[in-house]
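Participant: Once you've had a glance at the structure underneath, I'll fire off some questions.
The values are calculated or read from the model by the stated rules, or taken from the named source; none is laboratory data. Not measured: the values here are computed from a predicted model. Note that we place each Cβ from the backbone using ideal geometry, even for glycine, and neighbour counts take in every protein chain shown. For accessibility, only protein heavy atoms count, side chains too; no ligands or nucleic acids. Shrake-Rupley method; radii C 1.70, N 1.55, O 1.52, S 1.80 Å.
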Amino acid sequence: MAEQNLNSSSDTKSSQDLVSKLSNELHRLHEEERFDGTIIITSGTKELFRHSYGFSDKTTRLENTSEVVTDIGSISKTFTAAAILKLVSEDKLELETTIADIFPDSPIDKKELTIRSLLSHSSGLDNFHNETDFDPMSKDEAINKIFSLRLLGEQSQTIAYSNAAYTLLAAIVEEVAQTSFQTYVYENLLNPLKLNDTGFYGDDHIRDSIFAKGYGGRDSGKTTFEKGLTWALVGQGGMVSSANDLSIWFSAILDGKLFPDSQDNLMLQKANAQWFLGNIRHFSSWGTLSYYAGGSTDFGYTALVQYLPDFEVSIVILLNSYIDEYGNASHQKLSKEHIFPILLE
């Protein structure tokens with residue numbers, strides 16, 4: 001395993017070796033037509049590796065770059081978590097605020113569910129309130145569907161991934177902030193960080209950006225952006241970004257820039273054995289600690305942000321085509337089986 005600090009005095013040569021090995025391995029995979037997209041790896045403030053592969057549009061042969069906008073899947077949840085936690089930091093919400101506090105007419109079995117449990121996938125709510133990501137659905141319809149879901153177990157005793165919980169959190173942002181979820185995210189998260197290539201499906205604000213088409217799964221050769229966004233997906237997905245923007249966003253999460261200097265970094269506050277409050281998973285892999293958020297779709301897009309605190313290394317992966325044998329787990333497999341071994345050898 002490498003020394004546990006890539007910024008040591010012997011780092012220049014080891015960094016050059018690392019970049020060479022990464023470049024060779026990823027070039028080999030790409031040459032076998034096994035993925036298209038962008039990968040950025042940083043160590044502290046130093047960029048170790050940045051490269052884009054293949055095409056954002058295979059028909060026109062438009063090459064991928066780190067400015068190309070692509071679907072980020074469930075990494076969208078980190079923006080939802082940040083919106084909620086910003087309201088908490090401003091004393092407009094508390095982590096122990098309950099559903100009943102926001103929605104007094106909620107069902108009896110949902111009334112005591114807390115903001116904390118919704119953020120950390122420990123509310124007991126079932127996973128989906130939709131049939132597909134693109135079901136026509138209003139906010140009220142979504143809330144009613146979520147309130148009708150069964151509970152898989154007792155709050156805080158059951159860790160079960162819930163997309164529906166994050167749609168409910170987006171609705172809570174609207175109730176508390178008295179503005180649309182999208183507007184709140186733009187004004188409080190995207191604009192301050194100048195994330196100009198990040199937004200929601202169908203947004204006019206980023207319509208002139210260059211969008212990567214997805215290759216693999218359903219509707220290959222099209223974008224999800226053009227499908228539009230309903231409350232079947234709000235809060236849990238439905239966002240797009242560039243590798244450049246995603247790298248800035250992840251750095252802001254890690255550095256605590258989303259909150260005043262005098263406050264703790266709520267995004268990385270441990271909520272339970274699997275999750276931080278910011279929809280970031282924490283676990284050990286290859287013998288080292290990892291912070292991770294990932295997203296995938298059924299349309300060829302997969303995405304990942306990952307941090308190895310022992311090595312101060314961050315990884316950003318945005319892919320717009322599946323690796324054939326990995327499908328919508330391409331981002332995870334690329335990191336775990338092809339990047340991790342080189343970083344940690």
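Participant: Using protein chains only and a probe of 1.4 angstrom, how many square angstrom of H205 are accessible, to the nearest 10?
Facilitator: 100 Å²
Participant: Can you send over the solvent-accessible area of D204, 1.4 Å probe, protein chains only, in Å² to the nearest 10?
Facilitator: About 120 Å², ignoring ligands and nucleic acids.
Participant: Over the chain, what percent of the accessible surface lies on carbon and sulfur atoms, probe 1.4 Å? Mind showing how you got there, number by number?
Facilitator: Working: 6450 of 14570 Å².
Answer for the chain is 44 percent, counting heavy atoms of protein chains only.
Participant: Under a 5 Å amide H to amide H cut-off, with H placed in plane at 1.01 Å, what residues pair with E63 once short-range neighbours are removed?
Facilitator: Residues meeting the amide H criterion: S56.
Participant: What aspartates and glutamates could a cross-link reach from K46, if we take a straight Cα to Cα line under 12 Å and drop same-chain neighbours fewer than 8 places away?
Facilitator: D11, E312
Participant: Now a separate question. How much mean residue ellipticity at 222 nm does the chain get from its helices, if each DSSP H run of length 4 or more adds -39500 (n - 2.57) and you divide by all residues, to the nearest 500 deg cm²/dmol? Numbers along the way, then the final one.
Facilitator: Working: 10 runs with 96 residues, N = 345.
Result for the chain: -8000 deg cm²/dmol, rounded to the nearest 500.
Participant: If you average the alpha carbon positions of region 235-279 and of region 167-207, how far apart do those two centres end up, in angstrom?
Facilitator: Centre-to-centre (Cα) distance: 15 Å.
Participant: Would you mind getting the accessible area per residue of the chain, heavy atoms of the protein chains only, 1.4 Å probe, in Å²?
Facilitator: Numbers: 14570 Å² over 345 residues.
Ligands and nucleic acids excluded, the figure is 42 Å² per residue.
Participant: Looking at this model, which pairs from K86/K270; K77/K227; K86/K227; K21/K336; K86/K194 are more than 27 angstrom apart at the alpha-carbon?
Facilitator: Beyond 27 Å: K86/K227.
Participant: To the nearest Å, what is the center-to-center distance of region 86-140 and region 292-331, using C-alpha atoms only?
Facilitator: The two parts, judged by their Cα centres, are 27 Å apart.
Participant: Quick check: with the 1.4 Å probe, what order do L246, L266 take by accessible area, largest first?
Facilitator: Listed by decreasing accessible area, they come as L266, L246.
Participant: Over the chain, what is the percentage of antiparallel beta bridges among all DSSP beta bridges, to the nearest 5?
Facilitator: For the chain, the DSSP antiparallel bridge percentage is about 95.
Participant: Would you rank K336, K46 by solvent-accessible area, highest first, keeping every protein chain in place and using a 1.4 Å probe?
Facilitator: So, going from the largest accessible area down, we get K336, K46.
Participant: Just to verify a number: FRET efficiency for E63 and I108, C-beta to C-beta distance, R0 = 51 Å, to 0.05?
Facilitator: On the way: r = 56 Å, r/R0 = 1.09.
E(calc), rounded to 0.05, equals 0.35.
Participant: Send over the semi-axes of region 209-345's equivalent ellipsoid, whole angstrom and largest first, taken as the square roots of 5 times the C-alpha gyration tensor eigenvalues. It would help to have the intermediate numbers written out before the result.
Facilitator: On the way: eigenvalues 137, 81, 34 Å².
In descending order the semi-axes read 26, 20, 13 Å.
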